[in-house]
Amino acid sequence: MYQYDQYDQQMVDTRVEEFRDQVKRRLAGEITEDQFKPLRLMNGLYLQLHAYMLRVAIPYGTLNGKQMRMLAHIARKYDRDYGHFTTRQNIQYNWIKLEDAPDLLAELASVEMHAIQTSGNCIRNISSDQFAGAAADEIADPRPWAEILRQWSSFHPEFSYLPRKFKIAVIASDTDRAAMKLHDIGIQLVHNDAGELGAKFFVGGGMGRTPMIAPEIRDFVPADELISYAEACLRVYNRYGRRDNKYKARIKILVHELGKDEYTRQVEEEFAHMKELGLNPPVEELARITEYFADPAFDTQASDELDLSDPDFAVWVDQNTDMHKQSGYAIATISLKPRGGIPGDASSAQIDLMADLAEQYSFDELRVTHSQNIVLPHVKKSDLYALWQKLDEAGLAPANLDLITDSIACPGLDYCSLANARSIPLAQKISEKFAEQGRQKELGELKLKISGCINACGHHHAGHIGILGVDRKGTENYQLLLGGSAAEDTSLAKITGPGFTEDGVIEAIETVTDLYLQEKQGDERFIDTYRRVGMEKFKEAIYG
Amino acid sequence: MVEAIRFRDDEPHEEPAGSLDSFLDQSNATAVRIEAGEDVRQLLPYLERLALIEVDFPAFGDGRGYSAAQILREQGYTGELRASGDVLVDQLAYMRRCGFDSFAPEKPIDPEVMERSLGRYENIYQGTTDQRSPIWKLRHG
């Protein structure tokens, strides 16, 4: 994986000193909270209901054991002994003191980590496929491209006060594990007819109040024009994105209002001029970065044999491991969704253990997924049993990847100052309700996503089943949505009808899942059946 | 309004900057003021003549002026480029990178904090019109 050189290190070190200075001025009253806000936000520091929340960047979700251990250390030293892995492939701490933040960032910088641009109206942490470099179906590793974009977007002087936040994802296979088309810019690496690697651009996707699927605006941008093309996309947005209404300020609204063709025309016009400005790093820079992502030293003799005589292990292997590009290896996902637990939370002890296991079994590499789980990307199959035993002892072996209890949930009203309803307790109740292995297994792949308000941090629009918490005359109320998908078959979920109480929505989920089992044909997943049968039938079942 | 902070060696330009509309109506004006949201490209035919372009920031979070400045410099404008309005000390470094060389902030700026802030980053990651060498260039010569 990527390692900082002297320049990268100097940039994050300087940022720590800059922020230390800004915090000092704030604590001394030299700047107002209003003036300080954009500064702290660009360092990932939010003022939440009870305390400051700090979001640490994990670029494209990749980190090593040492970095993971630092995350545990921070949880212990500065927080309440746990951290929360997020849908942005980052980690958040909920109980940070402002005066501690500079020291905390200095500790992060010591392991090549930072919180730069994890919030604010700027280009955020670049996300990617959590199976990058391991997936059997990718045409290249998307992370070198994501790293090029990370560096370009860091401290970008023109694009740090955009109309609204800006999220970019890069993937490199037809299977979309990163919700690519639900980003402001989604990039899929593709080959052109000449066999060269380039970027297909999708612009204007997003969730939030007005969910949109990003349309493709260009089928191929060559590697040595990537940055100028991205600059062109951003410049049109920075100049013409709406600034009169925060809720209409994302690029999806601009693309929608202008129309894809007109937006594309403006981007191309800007690009024609920008590509002459010398903004693109030479291909040698991509090559330099790509070397860091070279395959680890796989044992090419490793066997595909697996002893599945332990039934619990067999269930976990079946559910939580994926095919690796190297025979004899598997991709293992550690579910952070234990029965009744808080999705994405991990204690410092668990984080430490995952760091150890990565070093021992996965060439010192971990990934954070947008579904709030952790991946060990390169595990030898012969090590899987030992790995599983250690995970199981630490409560880290729920065998529920992509099942209904592997839900995404935002922090909700328990932490967030924007939320209308609690998400976590609902996720916990649903988890309890469906946790019996047989029951959730029978339901198969079922992506359940819960947001505590219309800002959709819990991705409810993209859930096979989505839940949206709203405030109805002072009480928490939950709307049910069906039919969304964040995968390559991207679709937006639709609201079934009137909302429910917390218990009511759980009942409704039981109703729709029962109906699915009844209607299911062949190997259909919930989403397939829903798409074939249609909303009406589900509505009837729920509302009678 | 406090006195403009300038990063230029020439004398301050005398002519006050008028609105874009009034500028476009005159044949000999040499200074103009652009409001956020006005299309700076309307000035491109007149860059030779212009000696002062003032770009207004109605709020520090409104970043349109950064693109306006970049466009002017990309097109070869060499006159004074002034940021006015809600210009805060922590935004100056990025404004300098986008080509602003003069500032007329609404509220006074502490010169010490400004100096620290402008001198802080030795390197940069991306090319802009300030022509500094991005890190990738330092890496590859």
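Every residue, every condition in (1) of a type in the set (A, V, I, L, M, F, W, C); (2) surrounded by fewer than 20 Cβ atoms within 10 Å (Cβ to Cβ), yes or no:
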{"site": "A:GLU17", "(1), (2)": "no, yes"}
{"site": "A:ASP21", "(1), (2)": "no, yes"}
{"site": "A:ARG25", "(1), (2)": "no, yes"}
{"site": "A:GLY44", "(1), (2)": "no, no"}
{"site": "A:LEU47", "(1), (2)": "yes, yes"}
{"site": "A:LEU54", "(1), (2)": "yes, no"}
{"site": "A:ILE74", "(1), (2)": "yes, no"}
{"site": "A:THR86", "(1), (2)": "no, no"}
{"site": "A:GLN92", "(1), (2)": "no, no"}
Is the range A:13-29 home to any residue that is in a loop (DSSP other than H, G, I, E, B), modelled with pLDDT of 95 or more and more than 10 Å from chain B (Cβ to nearest Cβ)? no
Do any strands (runs of 3 or more DSSP E) entirely within the range A:435-492 hold 1 or more residues that are in contact with a strand residue (DSSP E or B) (Cβ under 7 Å, 6 or more places away or on another chain) and of a type in the set (Gly, Ala, Ser), and if so, which? A:448-451, A:465-472
Would you pick out the residues in the range A:511-544 that are under 26 Å from A:ARG422 (Cβ atoms) and loosely packed, with under 13 Cβ neighbours inside 10 Å? A:ASP514, A:TYR543
Would you please name the residue that is surrounded by the fewest Cβ atoms within 10 Å (Cβ to Cβ), looking only at residues in the range B:112-141 that are under 20 Å from B:SER102 (Cβ atoms) and in contact with a Leu (Cβ under 9 Å, 6 or more places away or on another chain)? B:LEU118
Residue by residue through the range A:1-12, note down the ones that are among the aromatic types (Phe, Trp, Tyr) and within 10 Å of another protein chain (Cβ to nearest Cβ). A:TYR7
Selection from the range A:229-262 of residues that are under 18 Å from B:ALA59 (Cβ atoms), without any contact (Cβ under 8 Å) to a residue 40 or more places away in the chain and part of a helix (DSSP H, G or I): A:ARG239, A:TYR240, A:TYR247, A:LYS248
If we ask which residues in the range A:431-449 are aliphatic (A, V, I, L, M), under 19 Å from A:GLN372 (Cα atoms) and modelled with pLDDT of 95 or more, their number turns out to be 2
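So that you can scan it fast, the table gives a plain yes or no per residue for (1) closer than 27 Å to B:ASP90 by Cβ; (2) part of a strand (DSSP E or B); (3) away from chain B (no Cβ under 11 Å); (4) of a type outside the set (Phe, Trp, Tyr):
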residue	(1), (2), (3), (4)
A:SER119	yes, no, yes, yes
A:PRO144	no, no, yes, yes
A:PHE155	yes, no, no, no
A:ARG164	yes, no, no, yes
A:ALA194	no, no, yes, yes
Please report, ordered by residue number, the strands (runs of 3 or more DSSP E) entirely within the range B:22-141 with at least 2 residues that are more than 8 Å from every other protein chain (Cβ to nearest Cβ), farther than 26 Å from A:ARG164 by Cβ and touching a helix residue (DSSP H, G or I) at 6+ places or on another chain (Cβ under 8 Å). B:31-34
Among the residues of the range A:29-50, are any closer than 24 Å to A:ILE351 by Cβ and among the hydroxyl-bearing types (Ser, Thr, Tyr)? yes
Reported set for the range A:263-295 where residues are away from chain B (no Cβ under 12 Å) and part of a helix (DSSP H, G or I) is A:TYR263, A:THR264, A:ARG265, A:VAL267, A:GLU268, A:PHE271, A:ALA272, A:THR290, A:GLU291, A:TYR292
From the options A:LYS167, A:LYS181, residue that is in contact with a strand residue (DSSP E or B) (Cβ under 8 Å, 6 or more places away or on another chain), buried (at least 24 other Cβ atoms within 10 Å of the Cβ) and basic (Lys, Arg): A:LYS181
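The values are calculated or read from the model by the stated rules, or taken from the named source; none is laboratory data. None of these values were measured; they are calculated from a predicted model. Glycine gets a Cβ as well: all are built from the backbone with ideal geometry, and neighbour counts include every protein chain shown.
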